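Values in this text are rule-based calculations from the coordinates and carry no lab data. Since the model is a prediction, treat every value here as computed from it, not as a measurement. Reconstructed Cβ throughout: ideal geometry from the backbone, glycine too, with neighbour counts over all protein chains shown.
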Amino acid sequence: MVRVRTFHTSRRLLYTSKPQLHTRFTLRRKTNWKEDLPIDLKTPARTRFAPSPTGFLHLGSLRTALYNYLLARATAGQFLLRLEDTDQKRLVPGAEDNIYDTLNWLGIKVDEGPTVGGPYGPYRQSDRSEIYTRYINELLDKGLAYRCFCSKSRLDGLRDSARLLKPPTTVSYDRHCLRVYSREESAAKAAQGEEFTVRFISPDKYPGFNDLLHGKINWQPQVNPFDKRFEDPVLLKSDGLPTYHFANVVDDHLMKITHVVRGEEWLASTPKHIALYEAFEWRKPEFVHIPLLTTVDNKKLSKRSGDIDIMSLKNQGYLPEALINFAVLFGWAPKRAQGEKLNEIYDMDFLEKHFNLEGLTIGNAKVDFQKLNYFNKHYLQKRLQDPVFLDTVSADIHCKLNQNRRITQDYVKNVLLKAGSSLTTLNSVFDEGFRFYFERPTYTKEGLENVLKPEEFGIVNLLAEQSDFSDLKAILSRVLAVYPETKKKDIYQTIRYAISAGQPGTKLPDMIELLGNEEVVARLNSLKEIL
């Protein structure tokens, strides 16, 4: 059974102020797509993560890096890091170090890359100019590419006129420089120092391809039959640096990449890449285009949003294990046996052994940060059982609380062990809902009225006269002897209010044990002051 889906972008895209890609392609996907795979998925895969240091790594980057890393590990292959830094104007200071620091912190280990080397370097595209020049010249010599000397104003005019054509066209160049200049004339103009780009002669029909997730894809640009224009993508920019389309094809071939796992936004560009592979007579890698990330409201997740920057999430107290578990589920899940209970807790050890392409899903992946909180809470409880981790974080928290000299590091440890189950992140220690373990809270009469009736406020005075709260039943008996109509839970809630000012916490006996009798009495006396 074959399902055919045709995708169209709106025609209005052709009339916007900037040229837009008007994609039209037919996608055929067989229900049992694994039967179409041309290679054994257990063959060692060489994958790569190729970020551009034009910004800090975000959740989308993490998901791409993680899938490539896990595919390599699960198949006993290799995972490469390559920096695509050819867009020099957009480079952000510190972005390259951010890539290294983030991957290291997450436990994503690189087999080959700029900092570890490898047999197919350099692994920074700005260091590979001679390589790109060699392959550009090969295409020029074969007559598969040509120099374009057109000015920006001429190209802008072509794009403007293309928008007005009916039927519409998604491509705009007229091959002026291919028609007007012979190879010799083109070479002479370049030798005289005239500025140029190099364009690929796009085929009349782009080759179809098989995506390991989406199936068979056939994408063709839309053209106007009466005023034919051509895509002829630029391979080499006027500054002598390659475009993404050219550099990634050359690099993936020379670095022997077997699988390209990247975002679905690159799906429409893939026919160009495959045409380049065919021009060089190179074997193409397998392509896997993974779903776009959206908010829970199904809006595009903006990478410019600070809340998806990985290191900012680290600074908010999220753990690497939680982020790995969170990101891996953006379009993937392991196969479950029928009737098997759903389990979404997957650590790196499990993922390195069990990740596979069969678990990938089609359709936008929604990013729900409540899920991240769930995962972080789970892994934080596990981490707090590790004495080394507990020592480290308690020392850090103690240092930040050093304005309160009554608090010791051992006390911080005890709080984390007995009350840490309510923490979502370590930063939550300093939130109002947890801070009462380290400083006396602020009380209000309105808050106390949520626990006791005004005529029962005397219970606070009676409780403040007690000296030992280790036996709560005895305390309860003394209070009920004076206030027999009061509910037991209200008495316990009064003690809890004195301790935390109404904030939820661990069990009352544990709270009393942590604070100690002296501090509980002191807080009850503070509560008396508002009566």
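Phi angles of segment 76-82 translate, via the Karplus equation with coefficients 6.51, -1.76, 1.60 and θ = phi - 60°, into HN-Hα couplings of 6, x, 10, 10, 10, 10, 10 Hz per residue; Gly and Pro are given as x.
When the alpha carbon coordinates of segment 203-274 are projected onto the principal axes, the ranges are 42, 37, 19 Å, largest first. In segment 243-374, inverting the average of 1/r over every pair of distinct C-alpha atoms gives 17.2 Å as the Kirkwood radius.
With labels modelled as points extended 7 Å from the Cα through the Cβ direction, what inter-label distance (nm, one decimal) is found for Q381 paired with S129? About 5.7 nm separates the two model spin labels. Each residue, R154 and Q316, gets one label point 7 Å from its Cα in the Cβ direction; the gap between the two is 5.1 nm. What is the Cα centroid distance between segment 340-415 and segment 48-94, reported in whole angstrom? Taking the Cα centre of segment 48-94 as reference, the centre of segment 340-415 is 24 Å away. Between the Cα long axis of helix 129-141 and the first principal axis of the chain there is an angle of about 30°, rounded to the nearest 10.
Seen from every direction in turn and averaged, the convex hull around the alpha carbons of the chain projects onto 33.6 nm².
For the peptides 122-131, 212-221, the ranking by mean Cβ contacts within 10 Å, running from highest to lowest, is 212-221, 122-131. Rounded to two decimals, the Cα radius of gyration of segment 385-431 over 2.2 N^0.38 Å is 1.05. Note on R63, R154: ascending count of other Cβ atoms within 10 Å places them as R154, R63, the fewest first. Counting only alpha carbon atoms, the long axis of helix 387-400 and the longest principal axis of the chain meet at about 80°.
The C-alpha atoms of the chain define a longest principal axis, and helix 369-383 lies at about 60 degrees to it.
Charged neighbours of P242, selected by a Cβ distance under 12 Å, balance to -3 (K, R count +1; D, E count -1).
Checked against a 21 Å cut-off, the cross-linked pairs K418/K488; K109/K377; K142/K189; K377/K413; K89/K284; K377/K473 give Cα-Cα distances beyond that limit for K418/K488; K109/K377; K89/K284; K377/K473.
Net charge of the neighbourhood of I512, taken over other residues with C-beta under 12 Å away and scored Lys/Arg +1, Asp/Glu -1, is -2. When shorter helices are ignored and each DSSP H run of at least 4 residues is given -39500 (n - 2.57), the per-residue value for the chain at 222 nm works out to -11500 deg cm²/dmol.
Tell me, Kirkwood radius of segment 60-191 from alpha-carbon pair distances, in Å?
18.9 Å is the Kirkwood radius here.
Restricting segment 409-510 to GluC sites (Glu not before Pro) that sit in a DSSP loop and have at most 11 other Cβ atoms within 10 Å of their own Cβ leaves E465, E485.
Farthest towards the positive end of the charge dipole of segment 385-431, among the residues T425, I397, I407, is the Cα of I407, using unit charges on the Cβ of Lys, Arg, Asp and Glu. Using a simple spin-label model with pseudo-atoms 7 Å out from Cα toward Cβ, D227 and A191 lie 3.8 nm apart.
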